[in-house]
1. So the label point sits 7 Å from Cα along the Cα-to-Cβ vector; using that for A:I38, what distances do you get to the other copies, in nanometres, sorted shortest first?
2. Could you run the numbers on buried accessible area between B and A, total for both chains, 1.4 angstrom probe, in Å² to the nearest 100?
3. Taking only the Cα atoms of the stretch A:1-86, how large is their convex hull per residue, in Å³?
4. Lysines within cross-link reach of B:K27: Cα-Cα under 28 Å, excluding same-chain residues under 8 positions apart?
5. Taking the Cβ-Cβ separation of A:E87 and B:I98 as r and a Förster radius of 45 Å, what is the calculated FRET efficiency to the nearest 0.05?
6. Using the beta-carbon distance between B:D20 and A:D72 and R0 = 35 Å, what value does 1/(1 + (r/R0)^6) give for FRET efficiency, to the nearest 0.05?
7. Just need log10 I(q)/I(0) for the stretch B:7-47 at q = 0.21, 0.26, 0.33 Å⁻¹, Debye formula, equal scatterers on the alpha-carbon atoms, no solvent, rounded to two decimals.
8. Using a label position 7 Å from Cα in the Cα→Cβ direction, what is the ascending list of nm distances from B:A68 to the same site in the other copies?
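The values are calculated or read from the model by the stated rules, or taken from the named source; none is laboratory data. Because the structure is predicted, anything quoted here is derived from the model rather than measured. Ideal geometry is used to build each Cβ from the backbone, glycine not excepted, and the neighbour counts take in all protein chains shown. Accessible surface is based on the protein model in full, side chains and every heavy atom, while ligands, DNA and RNA are left aside. Shrake-Rupley method; radii C 1.70, N 1.55, O 1.52, S 1.80 Å.
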Protein chains: 2
Amino acid sequence: MSMDHVFAALADPTRREIIDRLRGGDKTAGELAEPLPISRSAVSQHLKVLEAAGLITRSKSAQQRIVALNADALTEATDWLQAAHDEWQQRFDNLDRILAEEVPADTSTTDPSTADRTAD
Amino acid sequence: MSMDHVFAALADPTRREIIDRLRGGDKTAGELAEPLPISRSAVSQHLKVLEAAGLITRSKSAQQRIVALNADALTEATDWLQAAHDEWQQRFDNLDRILAEEVPADTSTTDPSTADRTAD
DNA sequence: AGTGTATTGTAGTAATCACTTAATTAAGGG
DNA sequence: CCCTTAATTAAGTGATTACTACAATACACT
């Protein structure tokens, strides 16, 4: 249930579409496959990838397989992405503020682009 | 700058480590490569992938290349992930509430998982 | 049991990936 | 100019991916 598998699973547009569709409620494998331009076998393999990543769970009901979303695997990835995004955005906001105030404020981070390189 | 490329870029642990490290401030390609157990060539190729995904920008300073993060590409992916995660979580919360109240409430969504399973 | 339906497993294939080593470009300094 | 440093590109390799068609499994209905 590593982030590797979660992000790799999300990198495929077909799998993201499956997840998008699943947000509207649980579906069978057949319902998910129906509008897709690929074989049912291919869909089944995509579901296996999503299951391995922990993004969905599958259960049986007669011949049909019920596919349901699972939030747990997504939490870690969402948190990581959110943290990176927020900090980024904050850095840009800081930069905007610095530029706006025209203060030579130090960034205090290890930022080689600000280091004065006199000579080596 | 598609989500395909962004998620694919994030699926590799080396590239996530690069991004994590870059959150502390801009770095040169050499600084990024130094603690990694792979060749500089490999790091350069990872940076190319990250740049193609729009996650970083590269600029020249003498012989060195300065690597910087770029929030824009991440926004779309973060939003998608957050939306899926939130809706998911909400569905679970609803389920918790229904179970807590012991109401047989129908979920009203196309949810075949409520179909009774007699025997396997 | 025998048939139809829903789904998954199994080759097999073309494309892509992550890595290596070796060659190449680009910028300074003697 | 030649050499060193910093980084990228090129070529090649083994592993993995996304798909297909075909076979196998599982269940329900008659």
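1. When each copy's label point is compared with this one, the spacings are 2.5 nm.
2. 4200
3. In the stretch A:1-86, the Cα hull volume divided by residue count equals 93 Å³.
4. Straight-line reach from B:K27, under 28 Å: B:K48, B:K60.
5. 0.75
6. 0.95
7. Log-scaled intensity ratios, in q order: -0.61, -0.92, -1.31.
8. In nanometres, ordered from closest: 4.8.
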